[in-house]
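I have placed the structure first, in the form of structure tokens, so that the comments after it can refer back to it.
The values are calculated or read from the model by the stated rules, or taken from the named source; none is laboratory data. Please read these numbers as outputs of a predicted model, since none were measured by experiment. For neighbour counting, all protein chains shown are included, and Cβ atoms are generated from backbone atoms with ideal geometry for every residue, glycine included. We work out accessible area using only protein heavy atoms, side chains counted, and drop any ligands, DNA or RNA first. Shrake-Rupley method; radii C 1.70, N 1.55, O 1.52, S 1.80 Å.
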Amino acid sequence: MTQHNNTWKEVQLGNHVDLLTGYPFKSKQFTQDDNDIRLLRGDNVAQGFLRWNDAKRWPREEYEAYSSCHLQKGDVILAMDRPWISAGLKYAWIKEGDLPCLLVQRVARLRGTDGLLTDYLRYVIGSHDFTNHVLSITTGVNVPHISGRDIKAFRFKLPPEPVQERVVSILSAYDDLIENNTRRIEILEEMARRLYEEWFVHFRFPGHEEVNFKESELGEIPEGWWTEAATDAFKIKYGKTFPKKNLDPNGQYPVFGGGGVIGRCDQFNIDGPTTLITSRGNGSGTVWRAPEAGLVTNNAFTVMPKDSELNTHFGYIEQVMLNAPVMSVVGGAAQPQLTLDGLSGVRVMTPDPKVVDQFSLLVDPLYILVNRLQRKNSNLRAQRDLLLPKLVSGEIDVSDIPMPDDKEVEAA
């Protein structure tokens with residue numbers, strides 16, 4: 001049933017938003033001290049969330065001096081440089097765990113005013129209509145960007161506040177489930193990481209008391225273990241050349257680009273969870289994961305067991321590559337890139353296969369649960385993104401929409 005949107009007025013965003021851009025903090029004063037305040041830069045803005053890996057920081061004692069750049073829970077954030085990439089629009093909203101942080105230049109903070117709820121605003125910014133607006137006005141050849149005026153020029157239909165509240169209650173229920181699953185994933189991954197460190201960095205694996213050590217190019221390692229190039233330890237190869245024009249939104253498999261899923265298609269070149277390394281662009285050298293069968297493009301490497309007969313598990317491979325100095329062999333002057341030749345210079349340690357088997361028996365169940373949660377989140381995002389344009393346009397009546405059921409999501 002169509003929402004009674006005759007009461008929805010078409011408005012210009014600029015008349016219903018408080019927009020602030022950040023301060024040009026000097027990079028020479030950036031710190032890496034975990035006790036200092038995180039700086040929210042464009043690089044930290046992903047598609048619907050903030051990522052704080054390798055965040056730049058500002059001295060904590062100067063935090064109060066920049067009160068105009070303080071952020072609060074619920075603030076909507078939009079990157080103004082490269083606001084859209086192949087993975088989608090770079091926007092997010094501030095959560096409790098993101099605070100405190102300081103807003104940096106070329107990043108916009110938005111709050112709703114004059115009848116526009118800030119919680120509803122984030123779904124206006126996350127709508128396809130706003131993305132299309134950004135794509136139609138983005139300027140700049142080398143660094144595409146948008147201005148505050150561009151953002152404020154967006155026009156949309158504003159429903160009454162009670163309808164906004166109902167839309168927020170529906171869509172935020174999806175977001176809450178996604179966030180909860182994401183926290184569980186982080187805990188499981190941390191457990192795997194710590195176990196790897198205990199066994200293969202500090203060498204406190206079962207039976208280590210009976211093992212003698214020897215010198216190697218990576219320092220002391222147990223006798224019977226050895227070091228070799230990553231390209232010898234594992235089967236590493238580029239993904240498939242795949243033109244974007246071949247993407248099919250109804251395809252069976254996800255397509256993994258240089259930093260995540262970029263679409264779908266009906267082909268695949270990996271048949272299950274696989275460790276990937278970004279090979280081109282600013283993320284070159286980043287180790288990440290394809291959680292399921294799909295097609296990996298040539299913007300990433302796939303890392304697999306060299307011998308399929310060996311019991312070398314996905315979780316173990318991922319931990320090895322996460323702990324290897326991959327970033328040190330990233331090259332490229334104009335555009336960062338990682339090559340197979342570069343990866344051949346990365347040395348890794350190859351342990352006794354029995355120890356790897358024992359490790360995998362403990363870690364594989366963790367990754368199975370991680371993959372299950374990631375599939376749940378993919379389904380939740382798909383359901384939310386299907387509802388979002390229909391709810392913010394008034395195409396469907398909010399009273400007809402049931403709340404998401406986490407137990408039913410995975411099978412959806």
- prompt: For helix 314-323, what angle does its Cα long axis make with the longest principal axis of the chain, in degrees from 0 to 90 and rounded to 10?
  reply: 90
Exposure rank, largest accessible area first [S279, S344, S172; 1.4 Å]: S344, S172, S279
- prompt: Regarding segment 69-109, what are the three Cα extents along the principal axes, ordered largest first, in Å?
  reply: 29, 18, 11
message: Explain nothing, just compute: Karplus ³J(HN,Hα) = 6.51 cos²θ - 1.76 cosθ + 1.60, θ = phi - 60°, for every residue of segment 250-267 in order, whole Hz, x for Gly and Pro.
response: 9, x, 7, 10, x, 10, 9, x, x, x, x, 6, 10, x, 9, 7, 9, 10
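Ignoring any ligand, DNA or RNA, what whole percent of the accessible area of segment 211-362 comes from carbon and sulfur when the probe is 1.4 angstrom? Kindly include the intermediate steps, with their values, before the conclusion.
Numbers: 3680 of 7480 Å².
In segment 211-362, the share of accessible area belonging to carbon and sulfur is 49 percent.
Could you report the chain's accessible area per residue, 1.4 Å probe, as an integer in Å²? Could you put the intermediate results ahead of the total?
Numbers: 20770 Å² over 412 residues.
Normalised by residue count, the accessible surface of the chain is 50 Å².
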- request: Rounded to the nearest 500, what is the 222 nm mean residue ellipticity of the chain from helices alone, with -39500 (n - 2.57) per DSSP H run of 4+ residues and division by all residues?
  value: -9500 deg cm²/dmol
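What is the local net charge at D54, summed over the other residues whose Cβ is closer than 12 Å to its Cβ (Lys, Arg +1; Asp, Glu -1)?
On the way: positive: R38, R41, R51, K56, R57; negative: D34, D43.
Net charge around D54: +3.
So, counting K/R as plus one and D/E as minus one, what does the shell of residues with Cβ under 10 Å around T275 add up to?
On the way: positive: R289; negative: E318.
Local charge sum for T275: 0.
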- line: If each part is reduced to its alpha-carbon centroid, segment 70-140 and segment 205-278 end up apart, in Å, by 33
task: Could you pull the accessible area for K354 with a 1.4 Å probe, rounded to 10 Å²?
output: 150
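Between Q335 and S399, what is the FRET efficiency for a Förster distance of 51 Å, r being their Cβ-Cβ separation, to the nearest 0.05?
Values: r = 51 Å, r/R0 = 0.99.
Approximately 0.50, to the nearest 0.05.
R155 to E10: extension gain in nm, 0.36 nm per residue of separation minus the Cα-Cα distance?
Here the segment from R155 to E10 would lengthen by 51.5 nm.
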field: Extension reserve of the V201-S136 stretch, reckoned as 0.36 nm per residue once the Cα distance is removed
entry: 18.3 nm
field: Surface accessible to a 1.4 Å probe, L322 within the full protein complex, Å²
entry: 90
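Residues with beta-carbon under 13 Å from that of G126, excluding G126: net charge, scoring Lys, Arg +1 and Asp, Glu -1? Kindly include the intermediate steps, with their values, before the conclusion.
Numbers: positive: K90, R122, R381, R384; negative: D119, D129, D175, D385.
Residues near G126 contribute 0 overall.
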field: Amide H contacts under 5 Å for L71, placed H, 5+ residues apart
entry: C101
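Rank these residues by their accessible area, most exposed first, probe 1.4 Å: S216, S399.
On the way: S216 35, S399 80 Å².
Sorted by accessible area, descending: S399, S216.
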query: Relative to the first principal axis of the alpha-carbon coordinates of the chain, what is the inclination of helix 353-393, with its axis defined by its Cα atoms, in degrees from 0 to 90 and to the nearest 10?
result: 10
- prompt: Pairs K73/K376; K26/K56; K237/K306; K90/K244; K9/K152: which exceed 23 Å Cα-Cα?
  reply: K73/K376
field: Solvent-accessible area of E10 with every protein chain in place, 1.4 Å probe, in Å² to the nearest 10
entry: 110
